[in-house]
Amino acid sequence: MSTTPPAATASGLNSTDINQVGDIGRQPNLPVLIAWEVVTQGIRIRLGRSLVTLTSVALGIAFLASILIGQVVQRGVQGERDARDVAIRCVAALEADLGQMTGKRLLTIGAPDAANQRLLELLVAAGAIVSDQAQDPAPVAATLLFGGLGPSSTVSGRVAGSFTPAQISADPVPGRVIINFNRPATAEELAAQADAEYRNRARTAWITGIALAVTAIGITNAMLMSVTERFREIGTMKCLGAMGSFIRRVFVIEACLIGVAGGISGALLGMLASCISYGVRYGAGMVMTSTAWGMVSLLLIGTVIASVVLSVTAAVYPAWVAARMRPANALRSSV
Amino acid sequence: MSTLALPESPHGLNHQLVDELLAVPDHGSKIVVRAVGLTKVYRTASHETHALRGASLTVKRGEYIAIMGPSGSGKSTLFNLVGALSRPTSGKVYIDQVDIAQLDHDELAWLRCRKIGYIFQTYNLLRVMTCLENVMLPMAFAGLDSDTARDKAAWLLERVGLGHRILHKPTELSGGQQQRCAIARALANSPDIVLADEPTGNLDSRTGEEMIALLAQLQHDLGVTVISATHDHKMLQRADRILWIQDGLIVKDGKPADLELPGAH
């Protein structure tokens, strides 16, 4: 019979024996690898259950992503439609003044924004020749003044859904028309614009908040269930000598994996759903051209991060409770 | 490679190393468990249940002890207290001279890992792991490197008669086989004490008898202390000592032959 505890004769244990308190030692901190093994095996074996949890997370995130991305798509489509509206009215006004656009030479001054660009496209389509070269020898039928010329508060085609003939003025040179897209906004226009922006922001915040809350509750519920139904397993692991930190680590790793997988699939699903629904309503081409895709990809990343944060937060509390439980209570609990 | 990977040859064991690992530590003291005046009260909103009313016991190293008594007598509560799985309302438990009330969470984990092996009525194997991995887990918690742990686990499983099933999942095994695996797991870190809570409770009579014999065999061969809460009277023939518990008190304590036990034939 050996006179030393057997564990100490085995390799790799001596470091733990240094910290002994009286006769009692400290459990070594296990490498993350072992927790990782436990998690991946757990997910593989409980595949059906893991898929249910994953699906709950993915659906929650899909909902959030479709709401957020839907707003971006909607804003893009709305802006595009407004711009086209203004452009069509503008062309109609020009045609009323100058007759058919075919062969008419138009001079642009300043930098056209995206909405102004629509107008120029329409004009070209109607047969007009658009140029920003003032010294062009051919006579100019009309001059279009775009943004970037005057004070910062200006009415651009996009904002001013209210293009009026008042914006058209006669050039000192007879026969020439100036359409000023660069005139300073009036106080009423600025107030209306601020009011619309405020209402839009409040609506966005409300919808986003609700979507986030619904998603958070769904994910919390799924994670809570998947942890509490394993209290017995946690109790068993504690009997075998698992420290609380190990158990917490197992559940945090698992929640991270579920959060990432559910987040990515949910975000893509949500984007697809909102794009398809707007595509059916306004046409795929409209959605493709008018959506701010940079914003959409930012939202995709954001919702995946939200998924991980929500999943981990929701798993940490029950895992913490389980890790602190007396093993007898954990073993007794049945969910 | 996975840390819990399967061995390429489970039978290529280093028996000398395994024997050394399984040797029972001798700390000089003959008393391995001492419990003094244990009480446990479970409180619910409406009433209090006194599960234990002042139980005291002493267990010597290497004994095979059966805690017996009718259901609801406090057997499982005593099991939980002696096994450091819950705290007594009053009284003290010493395991190897250490008052376990003084230990923090992590020290308790150390104690449960190395000093005590647990066997449950419901086996409580982790079903996501193979038998081998189940037995290796407590050794992983103890920080043993996985090669040594795998050798020892394979040897233990052979020892309990599961040598041919080490790569099976618990769900693929019969109740008796699962309990054998649980016994191997309980012995993984060469504990001073093996605590068994109704180890035969879910088994048929013959398998239960096999389990009791296996425990007695291991207690004899490895010199491990076995404390088993049970109401299985087959335990009477094997146990060195019976503690008869009734209404939260230990009312009889002695060799099976010396005791007049209710219901014993």
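Answer rounded, prolate or oblate for the stretch A:179-243, using the Cα gyration tensor with square roots of eigenvalues a ≥ b ≥ c: rounded when a/c is under 1.5, else prolate when a/b is larger than b/c, else oblate.
In terms of gyration-tensor shape, prolate.
Taking a quarter of the surface of the Cα convex hull of the stretch A:224-311, what do you get in nm²?
Dividing the Cα hull surface by four gives the mean projection, 7.0 nm².
In what order, largest first, do B:Thr130, A:Thr40, B:Thr122 sit by accessible area if the probe radius is 1.4 Å?
B:Thr122, A:Thr40, B:Thr130
How would B:Tyr123, B:Tyr64 rank on accessible area, largest to smallest, probe 1.4 Å?
From most accessible down to least: B:Tyr123, B:Tyr64.
Can you compute the modelled spin-label distance between A:Asp195 and A:Val214, with each label point 7 Å from Cα toward Cβ, in nm?
3.0 nm
Normalised radius of gyration for chain B, please: alpha carbon Rg relative to 2.2 N^0.38 Å, two decimal places.
Dividing the Cα Rg of chain B by 2.2 N^0.38 Å gives 1.00.
Just to be sure I understand: if you take the accessible area of chain A alone plus chain B alone and subtract the pair, with a 1.4 Å probe, what total do you get in Å², rounded to 100?
Between A and B, the summed buried area is about 4400 Å².
For B:Lys115, list the aspartates and glutamates whose Cα falls under 12 Å from its own Cα; do not include residues on the same chain fewer than 8 positions away.
A:Asp23, B:Asp96, B:Glu107, B:Asp192
Going down the table (A:Lys238/B:Lys234; A:Lys238/B:Lys255; B:Lys92/B:Lys152; B:Lys92/B:Lys234; B:Lys60/B:Lys252), which pairs top 25 Å between alpha carbons?
A:Lys238/B:Lys234; A:Lys238/B:Lys255; B:Lys92/B:Lys152; B:Lys92/B:Lys234
Using R₀ = 22 Å, calculate the FRET efficiency as 1/(1 + (r/R₀)^6) where r is the Cβ-Cβ separation of B:Asp106 and A:Tyr317; round to 0.05.
The computed FRET efficiency comes out at 0.60.
Could you give the length gained by full extension between A:Leu33 and A:Ala111, i.e. 0.36 nm per residue of separation minus their alpha carbon distance, to one decimal place?
22.2 nm
Would you please give the residues with an amide H less than 5 Å from that of B:Asp253, counting only those at least 5 places away or on a separate chain, with H modeled from the backbone geometry?
Distant-sequence amide H within range of B:Asp253: B:Trp244.
Return one number: the angle in degrees, 0 to 90 and rounded to the nearest 10, between the long axis of the Cα atoms of helix B:205-222 and the longest principal axis of the Cα atoms of chain B.
Helix B:205-222 and the main axis of chain B meet at about 80 degrees.
Per the 1.4 Å probe, what fraction of the accessible area of chain B, in percent, lies on carbon and sulfur atoms?
That fraction is 48 percent.
Can you tell me which aspartates and glutamates have their Cα less than 13 Å from the Cα of B:Lys75? Leave out same-chain residues fewer than eight positions away.
B:Asp197, B:Glu198, B:Asp232, B:Asp247
The values are calculated or read from the model by the stated rules, or taken from the named source; none is laboratory data. As the structure is a prediction and not an experimental result, all values here were calculated from the model. Virtual Cβ from ideal backbone geometry, glycine too; neighbours counted across all protein chains shown. Ligands, DNA and RNA are stripped out before the accessible areas are found, and what is left, the full protein with its side chains, is counted by its heavy atoms. Shrake-Rupley method; radii C 1.70, N 1.55, O 1.52, S 1.80 Å.
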